[in-house]
1. Exactly one condition in (1) in contact (Cβ under 8 Å) with a residue 12 or more places away in the chain; (2) surrounded by fewer than 22 Cβ atoms within 10 Å (Cβ to Cβ); (3) farther than 23 Å from residue 84 by Cα; (4) out of contact with any helix residue (DSSP H, G or I) (no Cβ under 8 Å at 6 or more places or on another chain) is false for residue 243; which is it?
2. Might you check whether a residue that is in a helix (DSSP H, G or I), within 17 Å of the chain's Cα centre (by Cα) and within 30 Å of residue 397 (Cα to Cα) occurs anywhere in segment 321-328?
3. Can you pull out the residues in segment 125-149 that are in contact (Cβ under 8 Å) with a residue 24 or more places away in the chain and not in a loop (DSSP other than H, G, I, E, B)?
4. Has segment 250-263 got any residue that is within 19 Å of the chain's Cα centre (by Cα), surrounded by 22 or more Cβ atoms within 10 Å (Cβ to Cβ) and either closer than 24 Å to residue 64 by Cα or modelled with pLDDT under 95 (or both)?
5. Report yes if residue 225 is touching a helix residue (DSSP H, G or I) at 6+ places or on another chain (Cβ under 6 Å), outside any helix (DSSP H, G or I) and touching a residue at least 12 places away in the same chain (Cβ under 8 Å), otherwise no.
6. Give just the number: which of (1) part of a helix (DSSP H, G or I); (2) surrounded by 19 or more Cβ atoms within 10 Å (Cβ to Cβ) does residue 444 not satisfy?
7. So which residues in segment 590-614 are under 25 Å from the mean Cα position of the chain (by Cα), part of a helix (DSSP H, G or I) and surrounded by 24 or more Cβ atoms within 10 Å (Cβ to Cβ)?
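The values are calculated or read from the model by the stated rules, or taken from the named source; none is laboratory data. Given the structure is predicted, the values throughout are model-derived calculations rather than measurements. FYI the Cβ positions are ideal-geometry reconstructions off the backbone, even for glycines, and counts take in every protein chain you see.
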């Protein structure tokens, strides 16, 4: 009989134990996985909730910065000098452009991009973050906008954006004093408050635009916008509007400014008119000038080179920084110094024979008239501009006392006007020469300083300030341009706080002023005055003083230069200072012509044109321009 095979008895207890072990391991693995998930959930949703919530929101919500509208600039009567006009520009968001060079090449075939545009764009790329919009081309034409709109789908990250651009409706007339805005550059970024200028592309570069940048700029605003996956705006969630800059009203009078400009007839020079009672600048002209609109959106290199290389230097603000010898315009001040120091009395006379000699020296210093003007007192010395009188007075006074007195009238230092970059001029003294050249002072230099020649250098603004002080009987009023501010159109004007004023006169004896005034009246109204005839028909008395400063020394023995006016102008600078009404001055004027035959013949008529414009306004007061907001 065959034996059946042995069958192992099933170990149920062992299998159950194995199952339990496997179940425990599996449960532990599942539990561990759940713990990892819970830990990750806690890390994401609890510990870092704010961070990831913000990231998520940033993917959905963008901040659009809203730059403020720049404040407007007006003259004292509401004539618009600087405003803002709508325009369009191309902007690029760098992080949305994969290949910048390729994109610019394709875009340049559609919308012309000049070398200047590309250069500025690449400079600004370094100044902005990848997600910030960077201007590429400003002031697009309608044709350029249309071509881009049809092809916009080809240029992700590039868009046409509206903006306000600065405009100067008066063009060249106020270019130097009002100044201009231009694009923010690296130098500006180092000085600016980044939060206040976020979204702003332009800043004041010169003139009033730079001086009062803080008032004109305003405060930026922003929008929170919701965007889709294509970064297109779906809706605006919140808007904080920007606060526009304050409007500025200047003390300048456009009618006087234009009158002065026209009177120069293109001849290089400068003129400044000041109200001596308060220091307000009524006109400030520098000829030739330039169009400030060229600079707003980036001047082309060719245009800028042409301005820089122009022989008549239109970019030089001659009124503020021009350097000229004052010539005989200093004689009233020197005559006053002689009275104040007790060196002369009004009735003292000097014999003018045509030449003056320093005792012990053989070199002669000439009058302008062969044989001289005879015996003259202070009044006639001023009226006829007799050099001999002032040669002798300067020699008796000495250069250091002369410099000390002239310094009281602002010579040799900046006036403090509210404009950047003012020149200081030169008021010579023995200490100045030693410090500048390391050489001693000579008596001959004192003599020629007495007629405003030699080392003396003034700016037209300094000269106007000095004659304004003289008209105001020696009381200083700092020249200034800001007349009032306005917090938006329609708001009331807020008068500007005047600069610090001196209540005391620099003239110790008020009686000393009378002969100086009489001499200046004789210049214009006397039979022998060097500017006689220019006051004909004028409704007020004019007091003045001419000046004719040599640009280089004479090379002949002639007492009077020969030749035509053009030939004389090539060697002379023509100057005139004056004020009116003489008995209660309300306007003081200084005129400098870089090339003029004589002060009385060439510079004085320009001053008369300015005074004519002023007198016309006194007869018919200016009416505020319609819509000026006052």
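1. (3)
2. Keep residues of segment 321-328 that are in a helix (DSSP H, G or I), which gives 321, 327-328.
When the remaining residues are screened for being within 17 Å of the chain's Cα centre (by Cα), the result is 321.
Then drop every residue that is not within 30 Å of residue 397 (Cα to Cα), which leaves 321.
Yes - at least one qualifying residue is present in segment 321-328.
3. Of everything in segment 125-149, those that are in contact (Cβ under 8 Å) with a residue 24 or more places away in the chain and not in a loop (DSSP other than H, G, I, E, B) turn out to be 125, 134, 135, 136, 137, 144, 145, 147, 148.
4. No: segment 250-263 contains no residue that is within 19 Å of the chain's Cα centre (by Cα), surrounded by 22 or more Cβ atoms within 10 Å (Cβ to Cβ) and either closer than 24 Å to residue 64 by Cα or modelled with pLDDT under 95 (or both).
5. no
6. Among (1) part of a helix (DSSP H, G or I); (2) surrounded by 19 or more Cβ atoms within 10 Å (Cβ to Cβ), the lone unmet condition for residue 444 is (2).
7. 606, 607, 610, listed by residue number.
Okay, residues lined up against (1) surrounded by fewer than 19 Cβ atoms within 10 Å (Cβ to Cβ); (2) in the same structural domain as residue 589 (by TED's automatic domain parsing); (3) touching a strand residue (DSSP E or B) at 6+ places or on another chain (Cβ under 7 Å):
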residue	(1), (2), (3)
270	no, yes, yes
303	yes, no, no
333	no, yes, no
343	yes, yes, no
346	yes, yes, no
359	yes, yes, no
